[in-house]
Amino acid sequence: MTTAPAAAAPARIGLVLPGGGARAAYQVGVLKAVAELVPRDAPLPFRVISGTSAGAIIAAILASHAPQFRLGVSSLERFWRNFRVDQVFRADAGSMLRAGLHWLLALVSGGYLMPPPRSVFDNSPLRELLERHVNFARIRQHLDHGKLDALAVNASAYRTALSVAFYECARETTPWLHSWRLGEPAELGLDHLMASAAVPFLFPAVYMDGEYYGDGAMRQLAPLSPAINLGAERLLVIGVRPPPVVTGITAPSAEVIPHSHAGPARAPSFGQIFGFMLDTLFMDGVQYDLERLQRDNLLITAAGGAAAGLKRIEAVSITPRTDFGPIAQEHQEDMPRPLRILLRTMGAANPGGRTLLSYLLFQGSYTRDLITLGYEDGLARREEIQALLRSEP
């Protein structure tokens, strides 16, 4: 009598959530669409989750609800639909005035009367918000009970210049160090989330174990690496910026960006430059890493794949089909007035500076629009997502 071969174990699916400030509401919308493609009482379909900056916050809330995926997504949606700027950083007139005076005194005294502030904004309200919404003890229970394999929160170390993936894992995993990328086991907590979301200049660095850490996107040259190192074999990557299309070049789901503009060129404002820096910080590494993964898969196939001891990592990448800048501009009047004045002074209130606005507009009117866009884009890619969840090519 012959014995039937054992069924192959399903591929371990990973979720990669890059940073994006207020734009991360789009990721919530995509996850809402994914939740509708699985049974109502299904557990989290992603065994490995890796998040950076605002994506790390989404990852932690999702991991808190690993046994019930839809419940976790519903919690995320409530969290993001009702956002206010003052839940992330202090933007009232008194706080903005004190911050301005602090900078002025530090500047005119050369730092003698008062040292320079650690950041532009005070983001202590964000810590208070996360204390109420993220349950790390529950995440550890889900890891212990096999509901989740691994959670990684990515931050950047200022002293060593390393990209550090702090992770908790259900099984023994060897830490890694590759090309300035460190995987470090840790008991995750609020400090890790605050460090991962500490955008340089805007929010203060976080001190942990003898080192200061800032936003995880700063040194993250390979954003897919933590999930792959933690055992993910297939990936869903949710970005927050549409890939560009310029003359003679096309990309799927991309908005046309003209290569030249009519009329005289204007020197970029500070707000436009800072928005450009944030755009580069949060997204360029993701696009490069996805392209590198595609090349590696082609080489692995050409080399014989499994026969050569190599394994393909399949990835589905979902990015917006439209730019968020104009949407943010429509909602800028919903921000607290002192913050509007600051951004207008920086040049972020005009069309050139709306990229910065799109990352800082933590207001429900704006985030709800992004959730809707993410939901629509997720449903438009439902066949690819379903194939990923079924471990089909």
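The values are calculated or read from the model by the stated rules, or taken from the named source; none is laboratory data. Only a predicted model underlies this, so the values are computations on that prediction, with no experimental measurement involved. Note that we place each Cβ from the backbone using ideal geometry, even for glycine, and neighbour counts take in every protein chain shown. For accessibility, only protein heavy atoms count, side chains too; no ligands or nucleic acids. Shrake-Rupley method; radii C 1.70, N 1.55, O 1.52, S 1.80 Å.
Figures for the structure shown
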quantity: Amide H partners (placed H, <5 Å) of Leu235, local residues excluded; calculated: Gly14, Glu314, Ala315, Val316
quantity: Phe83 long-range amide H proximity, modeled H, under 5 Å; calculated: Gly364
quantity: Gaussian network model of the chain, Cα within-10 Å springs - most flexible of Ala99, Ala227, Ala56; calculated: Ala99
quantity: Value of [θ]222 nm, deg cm²/dmol, for the chain, DSSP H segments ≥ 4, -39500 (n - 2.57) each, nearest 500; calculated: -12000 deg cm²/dmol
quantity: Formal net charge of residues neighbouring Leu71 (Cβ-Cβ distance under 14 Å; K, R +1; D, E -1); calculated: +3
quantity: Other-chain or far-sequence residues with amide H under 5 Å of Glu184's (modelled H); calculated: Ala165, Phe166, Tyr167
quantity: Rounded if a/c under 1.5, otherwise prolate or oblate - the range 37-82, Cα gyration tensor axes; calculated: oblate
quantity: Whole-number percent relative contact order across the chain, with pairs defined as alpha carbons under 8 Å at least 6 apart; calculated: 25
quantity: Most to least packed among 18-31, 323-336 [average Cβ atoms within 10 Å]; calculated: 18-31, 323-336
quantity: Cβ-based charge dipole, the chain, positive-most Cα from Tyr213, Ile313, Trp180; calculated: Tyr213
quantity: Accessible area in square angstrom per residue, the chain, 1.4 angstrom probe; calculated: 48
quantity: Neighbourhood net charge (15 Å Cβ-Cβ; Lys/Arg +1, Asp/Glu -1) for Val134; calculated: 0
quantity: Solvent exposure, largest accessible area first (probe 1.4 Å, DNA, RNA and ligands not counted), of Trp80, Trp180; calculated: Trp180, Trp80
quantity: Linear extension gain, Ala303 paired with Leu97, 0.36 nm per residue minus alpha-carbon span; calculated: 67.9 nm
quantity: Separation between Cα centres of the range 359-393 and the range 122-193, rounded to whole Å; calculated: 24
quantity: With DNA, RNA and ligands ignored, accessible area of Leu379 (1.4 Å probe; Å², nearest 10); calculated: 50
quantity: Sites Val108 and Arg159 - FRET efficiency at Förster radius 30 Å, r taken between beta-carbons, to 0.05; calculated: 0.50
quantity: R0 of 30 Å, Cβ-Cβ distance Glu187-Arg78: FRET efficiency to nearest 0.05; calculated: 0.65
quantity: Cα lying deepest toward the dipole's positive end in the chain, options Leu143, Ala99, Ala155, charges on Cβ; calculated: Ala99
quantity: Rounded to whole Hz, the Karplus (6.51, -1.76, 1.60) HN-Hα couplings of the range 327-344, x for glycine and proline; calculated: 5, 4, 5, 5, 10, 5, 5, 7, 6, x, 4, x, 5, 4, 5, 4, 5, 5
quantity: Peptides ranked, highest mean first, by Cβ atoms within 10 Å: ranges 218-224, 122-128; calculated: 218-224, 122-128
quantity: J(HN,Hα) series, the range 191-202, from Karplus relation 6.51 cos²θ - 1.76 cosθ + 1.60, nearest Hz, glycine and proline x; calculated: 4, 5, 5, 5, 5, 4, 9, 7, 4, x, 6, 6
